[in-house]
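Just below is one structure, and these are the notes that go with it.
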Amino acid sequence: MLYLSILLFISCLALTYKQWRQRTTFCLYGLFLGWFISIFSYALYISKFNVYSKLISGFYTFNKDIWNFIVIENFNSITLIRLMNIGLALFTFSFVLFILLFTLGKRRKNLTLYIVSLFLLMLLQTIYYDPAVQLSLQDYFYSQSVAKALLYNRITDLITIAFRLIKIFLFILSFVLLIQYFYINRDSKHLKNYTLVHILCLLPISLVHFLIFFWTPKVLVKATQLPHYPNFIRPPFELAVLNFDIFIIITFISFGAMMIAFSKLHSDKRNETLAKEEMNIRFATASLGVKTFTHSIKNHLLAIRSEAEYLKEKLKDDSELTYSVDLILKSCYFSYDAINNAANKLSTIDLTLLPTKLHIPVEAALEKFPKKDNLDYVQIIRRSKGTKVLMDEHQMTEVVYNIIKNAMEALHSQQSKEIIITIEDQDKWGCITISDNGPGIPDEHLHDVFSPFFSTKGSINNWGVGLSYCHKIVSKHQGRIEVSSIENKGSSFKILLPIQ
């Protein structure tokens, strides 16, 4: 247990030191600090009872010399009980607070009330079970009468039962919130995996801690007739571990699962960083290619247009030839605009970020479609309560417009057409989801849909820069864009923007 705890703490620091300023990271550090304080003050307290020497030294992996030193050293039992109570309260407070911050986020109106209530509850528990407080209460009630002493014992038993039930309730509630959060975000690959990693991280350590301290809180000191010689109560250590060999196996499996979850979280973040770097390289390469291509082709287009305009002027009396020349000019204008559009979408874009409600770019994008496009099959579902995010309204409108346009093109040959736009909050993210019931995107193409110039469409009018532009704009908003698709059932694009 000693080496496992040290290894776990070092791994935690190594994997979270870059996010040390985040509130959830502070909660994680508080959780491990509470773990260490409670576990090792418990070990030192147990050392007072020599009957546990073999079991405890084996459980904590203490060698003989260290254990003999601990037993011989005269640690103050009252201080050890106090530290253990503080560690237990800190562990529970940090654990539940971490879950609240992760699942509810800073936008929840009652979050501050929850945190203050939780803090006061843990503070009250720590104070009530403090040895000095308990000795004072016992001295007072025992000195009054037998009836009052019995009343004190009854009240203490009821309070203890209440605190234990509250502890169980808090841990169950925490995992219910995590599972609920996982279910709500099941359609978002990033949030779903992130939540699953947290469940795998927190479940093992809370399970081990609960098995060791299932009997807490408990009054561990009893007053005697001699004021300075109280009796110290042995915790039920044998019951806590049930079977020592089995508990060690459970501990190794739990800590192993937690390490795997930590590694998975770290690996996902590293892969995400590499994916962003790869996408940036693709954008830079595509932008350079477009600039080179644009410089070369524009001169030829201008020359063709100039000669076509000259021929049109010369042949204005020949209607057939004039019609052909007009087609040439139309193609020149279209090609010129398409090149400029591709170059603009791949060039550096400056954003003007202002607090904007999520539904505004959606409604603005729909207004850009001509009235001849019957949009009766587009349904908007608003689950957000007017949430504002920092966005460039114009650019985000273009993003939503491009995705809806792609969905409409995918539905062109479909008999049944349906586009559902969902606007909602998901924890710290404002989310716009655009789903269609089109033919879907093949699995082998999902990884490349945001790459510049990638397209599954055969149209000569499509350059394949629309979705890459969307990815670029959303990334500049510090957001995320995800795609999921099932062939012959449809596709779904999810835009996640951080809520301020």
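At-a-glance table
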read-out: Enumeration of residues in the stretch 403-422 that are surrounded by fewer than 21 Cβ atoms within 10 Å (Cβ to Cβ) and either assigned to a helix (DSSP H, G or I) or under 23 Å from the mean Cα position of the chain (by Cα) (or both); value: LYS405, MET408, GLU409, THR422
read-out: The stretch 107-164 - residue that is of a type in the set (D, E, K, R) and free of Cβ contacts under 8 Å to residues at least 24 places away in the same chain and, of those, nearest to PRO498 (Cα to Cα); value: ARG108
read-out: Boolean, LYS372 is at pLDDT below 65 and either in a helix (DSSP H, G or I) or on the phi < 0 side of the Ramachandran plot (or both); value: no
read-out: Qualifying positions in the stretch 361-393 - of a type in the set (D, E, K, R) and out of contact with any His (no Cβ under 9 Å at 6 or more places or on another chain); value: GLU363, GLU367, LYS368, LYS371, LYS372, ASP373, ASP376, ARG383, LYS385, LYS388, GLU393
read-out: Test: residue in the stretch 185-204 that is in a loop (DSSP other than H, G, I, E, B), buried (at least 19 other Cβ atoms within 10 Å of the Cβ) and modelled with pLDDT under 75; value: yes
read-out: Selection count, the stretch 121-161, where residues are buried (at least 16 other Cβ atoms within 10 Å of the Cβ) and part of a loop (DSSP other than H, G, I, E, B); value: 2
read-out: Any chance SER347 is exposed (fewer than 15 other Cβ atoms within 10 Å of the Cβ), at pLDDT below 80, in contact with a helix residue (DSSP H, G or I) (Cβ under 7 Å, 6 or more places away or on another chain) and closer than 30 Å to ILE403 by Cβ; value: yes
read-out: Meets criteria (at pLDDT 85 or above, among the aromatic types (Phe, Trp, Tyr) and within 29 Å of the chain's Cα centre (by Cα)) for PHE93; value: yes
read-out: Matching residues, the stretch 375-395, being in a loop (DSSP other than H, G, I, E, B) and under 22 Å from HIS477 (Cβ atoms); value: ARG383, SER384, LYS385, GLY386, THR387, ASP392
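The values are calculated or read from the model by the stated rules, or taken from the named source; none is laboratory data. What you see is a predicted model, and the numbers here were worked out from it, not measured in a lab. So basically every Cβ, Gly included, is an ideal-geometry build from the backbone, and we count neighbours across all protein chains shown.
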